[in-house]
Structure formats: structure tokens, C-alpha cells
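Written below as C-alpha cells is the structure these notes are about.
Quick note: the coordinates plus some simple rules give every number you see, no bench work behind them. Just so it is clear, the model here is predicted, and its values are computed rather than measured. Backbone-built Cβ (ideal geometry, glycine too); neighbour counts: all protein chains shown.
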Amino acid sequence: MTLWIRPRILVDTFDCLRACGRGVEECVVYWTARQSSLVVDDLVHPTHSAGPAGYEVDSRWVTQFFLDLRHAKRTALAQVHTHPGTAFHSQTDDTYALVSSQGFYSLVIPDGGMGLGSLSGAYFTVVAASGHWKEVDPSTELVWSGDD
Amino acid sequence: MADATQHDHVVVTYNGADQSIRYEPHERVDAVLKRALDLFNIQANRHLYGLFTEANVELPDGESMEKAGVRPGQLLILRQSTVRGGSPR
């Protein structure tokens, strides 16, 4: 499976992660698409608390987000969050993701997102049919889509 | 012969998608939760999921649907009880 992404989404993602986390705290955004589409055309920045080693999304926000997605006939395809140093998927990331059903992606950006604004050093993973996370290569699984 | 068991339905939404789920008023919440997890094909961390009302109240697993205040046709949200991430140092 391949995830398609509008180019401006990655730019907006880095802008958001940097502005919120300031290279000091972790931050998270969700990439969304129309239902049955694999083209990411929007991102959502949740209400969350954060520190240098983690984040937690506000409970009421999660419920409202799922209601909003339903109303708009949209879906979350991926979560994108920062780590202060190396990018990897921690046990917390594995266990407490927004979505844990097959095909949901997670992208971890190193250095608090303060690097080059590219996917260099990023860690990309997807929920497999077994329910376990499986690392994938962002250079093949993430494809730029269309014009902005 | 007609089935005398009373069945109702709730609508469960998860990540933008809906499923209609049949339940009996005296059935425990966790039994309905299990059916929801199966329908949405959620394999991992199932024990961390719950059914929430639109007011963000998590239904207690051990209660009956009726005692938990669920009404036929009600919209429920399937989600992880806690959503977080982190990089332990």
C-alpha cells in the first residue's frame, strides 16, 4: 500500500511541529483524507499536552475528532510526531496510537522537527494485518501527489 | 416461531467509519465492545479500547448496556481510552 501526499502537507506539518514543539517538546499531527482515499490532503493538530519525552492527546478532543471525521466523511491515515533525537517507534508509540487497525501509518520525525524539513532520518511504520507495526521505507511508501 | 429475544442497535463510529451493531439491553458493554473491535478489525491492544458517548463518557465495561444508559440508535465512539506517544530516555 502506498500513501499519497500533497506537497504542501509536509511543509505545513514541519511548520506546525516546529511552532508547537519549538525543538523542546514532542508534538503530533494527524494526516487526513476523504474516506476510501489514500491521498493525504489535510492535517489536524490536536489539543495535547507534551514534554521533552512524550505527548498525550486530550481525551475530549479525540472523541470530537472521530465525530468530526464521521461528519465530514473523512478518515485519519497517519499520525506524525517528533522525537527529540533519533526517530524510532517506542513501545508507547506502538501501544497508544490514535488508530491501531491495518493500514494506519505512523511517521516519526527526528530532532524535534528542527532539521532540514525532509524525511531524512525519519522512521515510517504501518499497522500490518496482524495488528503489529511493520517498518516501511518512506521513499517507496510515501509518494507526492498532484499540485498544490 | 418468532425470536422472543429483544434486540436493539447502536451505531459505532471509528476513525470516520460507521458500523451498526446489534445488542440486547441486558448484554454487558464489554460484549458489545468486542463485537465492535471485531467489526473494525482491530487486532492489537484491544484491552485499551472503550466505547464512548458523544459527551466523552466511557461506558463501564462490566455494566449492562441498559444500565450504562445506552438507548437504541445511539451513536457511540470506539477509541483508545488514552492516546499518547513518547520516546523514553
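Annotations
- Bridgeable aspartates and glutamates around residue B:67 (alpha carbons under 16 Å apart, same-chain partners fewer than 8 residues away excluded): B:8, B:24, B:27, B:30, B:58.
- Surrounding net charge for residue A:59, when Lys and Arg each add one and Asp and Glu each subtract one, Cβ distance under 10 Å: -1
- Cα radius of gyration and Dmax for the range A:26-80 (Å): 11.8, 35
- Shielding by other protein chains, A:14-27, mean Cβ within 10 Å: 0
- Per-bin percent of Cα-Cα distances, chain B [10 Å]: 16, 50, 23, 8, 2, 1, 0
- Neighbours of residue A:34, meaning other residues whose beta-carbon lies under 12 angstrom from its beta-carbon, give a summed charge of 0 when Lys and Arg score +1 and Asp and Glu score -1.
- No Cys partner within the rule (Cβ under 4.7 Å), chain A: A:16
- Calculated diffusion of the protein assembly as shown, Stokes-Einstein form, Kirkwood radius summed over Cα pairs, 20 °C and 1.002 mPa s, µm²/s: 116
- Vicinal HN-Hα couplings computed from phi for the range B:29-45 (Karplus, 6.51 cos²θ - 1.76 cosθ + 1.60; Hz; Gly/Pro x): 4, 5, 5, 5, 4, 4, 5, 5, 4, 5, 5, 8, 6, 8, 9, 9, 6
- Estimated translational D of the range B:47-89 in µm²/s (Stokes, Kirkwood radius over Cα pairs; 20 °C; 1.002 mPa s): 181
- 11 Å beta-carbon shell around residue B:47, net charge (K/R +1, D/E -1): 0
- Percent RCO, i.e. relative contact order, over the range B:8-80, from Cα pairs under 8 Å lying at least 6 residues apart: 43
- Take the Cβ atoms of residue B:56 and residue A:73, set R0 to 30 Å, and the FRET efficiency comes out at 0.85.
- Per DSSP, loop chymotrypsin sites (Phe, Trp or Tyr not before Pro) in the range A:80-137 with at most 13 further Cβ within 10 Å: A:88
- Summarising the amide proton neighbourhood of residue A:48: residues at separation of 5 or more, or on other chains, whose placed amide H is nearer than 5 Å comprise A:58.
- Per the Debye calculation on the range A:83-141 with a single equal scatterer at every Cα and no solvent contribution, log₁₀ I(q)/I(0) for q = 0.23, 0.24, 0.31 Å⁻¹ amounts to -0.91, -0.97, -1.29.
- Label-point separation, residue A:22 to residue A:95 (7 Å along Cα→Cβ), nm: 3.0
- Overall Cα dimensions of the range A:1-61 - principal axes, largest extent first, Å: 34, 26, 18
- For peptide A:46-57, the mean count of partner chain Cβ atoms within 10 Å of a residue's Cβ comes to 3.
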